[in-house]
Amino acid sequence: MSKTKVLIVDDDIAASRLLAMGLEKTGSFQVIVENVATRAASTAREFRPGVILLDICMPGADGGDVAFRIHSDPTLRSTPIVFLTSLVSGQEATAQSVLRGGYEFLAKPASITKVVECIDRHVPRVGETATNASLA
(Lines give C-alpha, C1' and ligand atoms only; values in the text may rest on other atoms or scores of the structure.)
Protein backbone atom coordinates (compact mmCIF):
# COMPACT_ATOMS: atom_id res chain seq x y z
CA MET A 1 0.00 0.00 0.00
CA SER A 2 1.36 3.38 -1.01
CA LYS A 3 1.48 6.09 1.64
CA THR A 4 0.77 9.79 1.22
CA LYS A 5 4.00 11.76 1.37
CA VAL A 6 3.97 14.67 3.82
CA LEU A 7 6.70 17.29 4.17
CA ILE A 8 6.69 19.19 7.47
CA VAL A 9 8.63 22.48 7.39
CA ASP A 10 9.02 23.93 10.88
CA ASP A 11 11.98 25.28 12.84
CA ASP A 12 10.58 23.78 16.06
CA ILE A 13 12.45 20.48 16.01
CA ALA A 14 10.57 18.82 18.88
CA ALA A 15 7.09 19.80 17.65
CA SER A 16 7.79 18.79 14.05
CA ARG A 17 9.21 15.41 15.06
CA LEU A 18 6.23 14.78 17.34
CA LEU A 19 3.83 15.60 14.52
CA ALA A 20 5.78 13.38 12.12
CA MET A 21 5.68 10.46 14.56
CA GLY A 22 1.93 10.91 15.08
CA LEU A 23 1.25 10.92 11.34
CA GLU A 24 3.50 7.93 10.69
CA LYS A 25 1.85 6.01 13.52
CA THR A 26 -1.43 6.09 11.56
CA GLY A 27 0.23 3.90 8.92
CA SER A 28 -1.02 6.12 6.09
CA PHE A 29 1.80 8.63 5.75
CA GLN A 30 5.47 8.80 4.86
CA VAL A 31 6.83 11.94 6.52
CA ILE A 32 10.00 13.96 6.15
CA VAL A 33 10.79 16.92 8.39
CA GLU A 34 12.78 19.96 7.24
CA ASN A 35 13.74 22.30 10.08
CA VAL A 36 15.58 24.88 7.94
CA ALA A 37 13.22 27.14 5.99
CA THR A 38 15.77 28.01 3.31
CA ARG A 39 16.14 24.31 2.41
CA ALA A 40 12.39 23.61 2.16
CA ALA A 41 12.07 24.03 -1.61
CA SER A 42 15.01 21.75 -2.38
CA THR A 43 13.75 19.16 0.10
CA ALA A 44 10.32 19.31 -1.54
CA ARG A 45 11.86 18.85 -5.02
CA GLU A 46 13.73 15.75 -3.83
CA PHE A 47 10.89 14.22 -1.78
CA ARG A 48 7.90 15.13 -4.02
CA PRO A 49 5.33 15.34 -1.20
CA GLY A 50 1.61 15.06 -1.70
CA VAL A 51 1.13 17.90 0.80
CA ILE A 52 3.34 20.34 2.71
CA LEU A 53 2.66 21.44 6.29
CA LEU A 54 4.43 24.77 6.66
CA ASP A 55 5.11 26.96 9.67
CA ILE A 56 4.90 30.72 9.08
CA CYS A 57 7.39 32.19 11.55
CA MET A 58 10.83 30.74 10.95
CA PRO A 59 14.33 32.21 10.93
CA GLY A 60 15.86 32.75 7.49
CA ALA A 61 12.59 32.84 5.56
CA ASP A 62 8.98 33.13 6.60
CA GLY A 63 6.33 30.67 5.47
CA GLY A 64 4.98 33.03 2.81
CA ASP A 65 8.42 33.28 1.20
CA VAL A 66 8.85 29.51 1.36
CA ALA A 67 5.39 28.90 -0.16
CA PHE A 68 6.22 31.35 -2.98
CA ARG A 69 9.51 29.54 -3.73
CA ILE A 70 7.84 26.16 -3.70
CA HIS A 71 4.96 27.19 -5.97
CA SER A 72 7.37 29.00 -8.32
CA ASP A 73 8.86 25.60 -9.18
CA PRO A 74 6.83 24.09 -12.04
CA THR A 75 7.26 20.58 -10.60
CA LEU A 76 5.78 21.66 -7.24
CA ARG A 77 3.24 24.25 -8.35
CA SER A 78 0.23 22.02 -7.69
CA THR A 79 1.47 20.68 -4.33
CA PRO A 80 -1.00 21.72 -1.62
CA ILE A 81 0.46 23.78 1.21
CA VAL A 82 -1.21 24.08 4.61
CA PHE A 83 0.10 26.66 7.04
CA LEU A 84 0.51 25.21 10.52
CA THR A 85 0.97 28.17 12.83
CA SER A 86 0.53 29.60 16.29
CA LEU A 87 -0.37 32.98 14.74
CA VAL A 88 -4.05 32.02 14.60
CA SER A 89 -6.22 30.41 17.24
CA GLY A 90 -8.10 27.20 16.63
CA GLN A 91 -11.32 29.21 16.54
CA GLU A 92 -9.93 31.63 13.92
CA ALA A 93 -8.64 28.77 11.79
CA THR A 94 -12.01 27.00 11.96
CA ALA A 95 -14.02 30.16 11.23
CA GLN A 96 -11.88 31.07 8.20
CA SER A 97 -10.08 27.93 7.09
CA VAL A 98 -8.84 29.64 3.93
CA LEU A 99 -7.43 32.97 5.00
CA ARG A 100 -5.00 34.20 2.35
CA GLY A 101 -4.05 33.20 -1.14
CA GLY A 102 -6.11 30.03 -0.99
CA TYR A 103 -3.96 28.48 1.72
CA GLU A 104 -5.59 26.66 4.60
CA PHE A 105 -4.38 27.42 8.12
CA LEU A 106 -4.27 25.05 11.07
CA ALA A 107 -3.62 26.42 14.54
CA LYS A 108 -0.77 24.98 16.60
CA PRO A 109 -0.92 22.77 18.44
CA ALA A 110 -3.13 20.74 16.14
CA SER A 111 -4.28 17.25 17.02
CA ILE A 112 -3.22 14.41 14.75
CA THR A 113 -6.91 13.89 13.95
CA LYS A 114 -7.28 17.49 12.71
CA VAL A 115 -4.07 17.29 10.69
CA VAL A 116 -5.14 14.00 9.07
CA GLU A 117 -8.57 15.48 8.24
CA CYS A 118 -6.86 18.48 6.67
CA ILE A 119 -4.47 16.33 4.64
CA ASP A 120 -7.40 14.20 3.45
CA ARG A 121 -9.17 17.36 2.19
CA HIS A 122 -6.18 18.11 0.00
CA VAL A 123 -4.87 14.68 -0.96
CA PRO A 124 -7.15 11.65 -1.19
CA ARG A 125 -5.59 8.54 0.25
CA VAL A 126 -4.44 5.89 -2.17
CA GLY A 127 -7.45 4.00 -3.51
CA GLU A 128 -9.88 6.84 -2.77
CA THR A 129 -11.20 9.47 -5.09
CA ALA A 130 -11.35 13.09 -3.93
CA THR A 131 -15.10 12.69 -3.43
CA ASN A 132 -14.70 9.59 -1.26
CA ALA A 133 -11.98 11.24 0.81
CA SER A 134 -14.13 14.28 1.49
CA LEU A 135 -17.00 12.07 2.66
CA ALA A 136 -14.87 10.16 5.14
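The values are calculated or read from the model by the stated rules, or taken from the named source; none is laboratory data. Predicted model only: the values in this text are computed from it and were never measured. Note that we place each Cβ from the backbone using ideal geometry, even for glycine, and neighbour counts take in every protein chain shown.
Structural remarks
Yes or no, residue by residue, for (1) in a loop (DSSP other than H, G, I, E, B); (2) modelled with pLDDT under 95:
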{"residue": "Arg45", "(1), (2)": "no, no"}
{"residue": "Ile52", "(1), (2)": "no, no"}
{"residue": "Met58", "(1), (2)": "yes, yes"}
{"residue": "Glu104", "(1), (2)": "no, yes"}
{"residue": "Cys118", "(1), (2)": "no, yes"}
{"residue": "Pro124", "(1), (2)": "yes, yes"}
{"residue": "Thr131", "(1), (2)": "no, yes"}
{"residue": "Ser134", "(1), (2)": "no, yes"}
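- Members of the stretch 1-37 that are over 16 Å from Ile70 (Cα atoms), free of Cβ contacts under 8 Å to residues at least 60 places away in the same chain, part of a loop (DSSP other than H, G, I, E, B) and not charged (D, E, K, R): Gly27
- Scanning the stretch 60-86 for residues being touching a strand residue (DSSP E or B) at 6+ places or on another chain (Cβ under 7 Å) and closer than 21 Å to Asp120 by Cα gives a total of 9.
- Yes/no for Arg69 being in contact (Cβ under 8 Å) with a residue 12 or more places away in the chain, in a helix (DSSP H, G or I) and either crowded, with 16+ Cβ neighbours inside 10 Å or not polar (S, T, N, Q) (or both): yes
- Count of residues meeting criterion [among the hydrophobic types (A, V, I, L, M, F, W, C), closer than 18 Å to Ser86 by Cα and at pLDDT 95 or above] in the stretch 15-32: 3
- Number of residues in the stretch 16-34 that are farther than 15 Å from Val116 by Cα and crowded, with 17+ Cβ neighbours inside 10 Å: the value is 2.
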